[in-house]
Ligand SMILES: Nc1ncnc2c1ncn2[C@@H]1O[C@H](COP(=O)(O)OP(=O)(O)OP(=O)(O)O)[C@@H](O)[C@H]1O
Ligand code: SF4
Ligand SMILES: [Mg+2]
């Protein structure tokens, strides 16, 4: 990404209130997304993908969340310190978000029309008639057939795939500059998943927006993203362009994730998972947080937390032994 990024997350540390005090859910997270780019964020469950994404729009409950360090740079603004009123203008207008489960994000007592018209009225000041016309256009755009009739349905009348299309229509209603899609297809069956991802790609091109695509599926990243951030236990452990990450993963965790992607060309029995599980954020680990699961761990890995090092051409990894060996295990 040569030019100035559209948005950059810098040294973000987010804490939640736990029984024994504040706990870092994510720590020192850095990543950036360029204009028109699709950035993938991957990692196993609990790695900090959603916590990072929700922080971009400060969507965590203020009562038990602390942004202990960092900045979210967006143009000349820092979204973490932006006054609520200005942050509300950015949310849904310039930066929109879609979630894994559209049923919990759509309001069951409001019609689709009410829910798509709301951002158009709020951010673009459209009249009721103009917002309704625009809402029907948007439903057509996300390929909901018979849009002028369906618009008056309540969410429960739609299938899972259609609800996710409605969520996408709401998210892109104001032609955002950035769409954050947090596991947008996980709840859907495989055929619908690829239709929704294809739709997102078309909309991205048409609107010229950037996308942060969060997924635990590296196959999806390979197909849709240009660059990727790999997260583990609340930290970024590797970031690279998609071709570089697949050709030469630098972090043993990334390698494990790549080995876990089913490869249709090869014998499916080769599919492996990484033994062990992600440590709980409250667990204290002095050195590398991946060390309990890492077959390559050496003494120095256990002594101090590894830093994220540039191995060249913007390929960063948090594994000093690997980088010293030129990325080879
Ligand atoms: N509101 C919260 N209060 C306390 N801890 C939280 C909260 N939200 C997330 N966490 C913790 O922060 C860590 C990161 O969670 P996060 O939801 O970001 O994971 P994720 O990578 O999005 O996983 P998944 O793939 O399951 O969605 C986890 O240990 C989780 O338990
Ligand atoms: S720093 Fe050490 S323990 Fe951590 S991933 Fe690299 S080799 Fe494994
Ligand atoms: Mg999540």
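Since every read-out is calculated from the coordinates, none of them should be taken as a lab result. In this text the structure is predicted, and so the values were computed from the model without any measurement. For neighbour counting, all protein chains shown are included, and Cβ atoms are generated from backbone atoms with ideal geometry for every residue, glycine included.
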Using the alpha-carbon atoms, what tilt in degrees (0 to 90, nearest 10) does helix 128-141 show relative to the longest principal axis of the chain?
50
With each pseudo-label sitting 7 Å past Cα toward Cβ, what's the residue 88-residue 111 distance in nm, one decimal?
2.6
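How would the range 12-88 be classified by its alpha-carbon gyration tensor: rounded, prolate or oblate, with rounded meaning a/c under 1.5 and the a/b versus b/c comparison settling the rest?
Numbers: a/c = 2.13, a/b = 1.21, b/c = 1.76.
Verdict is oblate for the range 12-88.
Based on the mean of other beta carbon atoms within 10 Å per residue, what is the order of 300-308, 66-74, 115-123, 180-188, most packed first?
Values: 300-308: 14.6, 66-74: 17.4, 115-123: 20.0, 180-188: 22.1.
Result, highest mean Cβ count within 10 Å first: 180-188, 115-123, 66-74, 300-308.
Summing -39500 (n - 2.57) over the DSSP H runs of n ≥ 4 in the chain and dividing by its residue number, what mean residue ellipticity at 222 nm do you reach, to the nearest 500 deg cm²/dmol? Could you put the intermediate results ahead of the total?
On the way: 13 runs with 112 residues, N = 329.
Only helices count here, giving -9500 deg cm²/dmol.
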For residue 149 and residue 313, compute 0.36 nm times the residue count separating them, minus their Cα-Cα distance, and round to one decimal in nm.
53.9 nm
Residue 258 and residue 280 label points (each 7 Å along its Cα→Cβ direction) are spaced in nm at 3.4
Per-residue Cβ neighbour rank within 10 angstrom, fewest leading, 250, 283:
283, 250
So the angle from the long Cα axis of helix 112-124 to the longest Cα principal axis of the chain, reported in degrees to the nearest 10, equals 80
At 20 °C and 1.002 mPa s, the Stokes-Einstein diffusion coefficient in µm²/s for the range 103-173, with hydrodynamic radius from the Kirkwood sum on alpha carbon pairs, is 183
Listing 189, 153, 217 by rising number of other beta-carbon atoms within 10 angstrom, fewest first, gives 189, 153, 217
Quick shape check on the range 166-230: root eigenvalues a ≥ b ≥ c of the Cα gyration tensor, a/c under 1.5 is rounded, otherwise prolate if a/b tops b/c, else oblate, and it reads oblate
Kirkwood Rh, angstrom, the chain [1 / mean 1/r, Cα pairs]
20.9
Efficiency by 1/(1 + (r/R0)^6): what FRET value for residue 248 and residue 300, r their Cβ-Cβ distance, R0 = 25 Å, to the nearest 0.05?
0.65
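If neighbour count is taken as other Cβ atoms inside 10 Å, put 99, 290 in order from fewest to most. Walk me through the numbers before you get to the answer.
Details: 99 22, 290 26.
Result, fewest neighbours first: 99, 290.
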Going by alpha carbons, how many degrees (0 to 90, nearest 10) lie between the helix axis of 190-207 and the longest principal axis of the chain?
80
Residue separation between residue 17 and residue 103 times 0.36 nm, minus their alpha-carbon distance, gives in nm 28.2 nm
Note on the chain, DSSP bridge orientation, antiparallel percent to nearest 5 equals 60
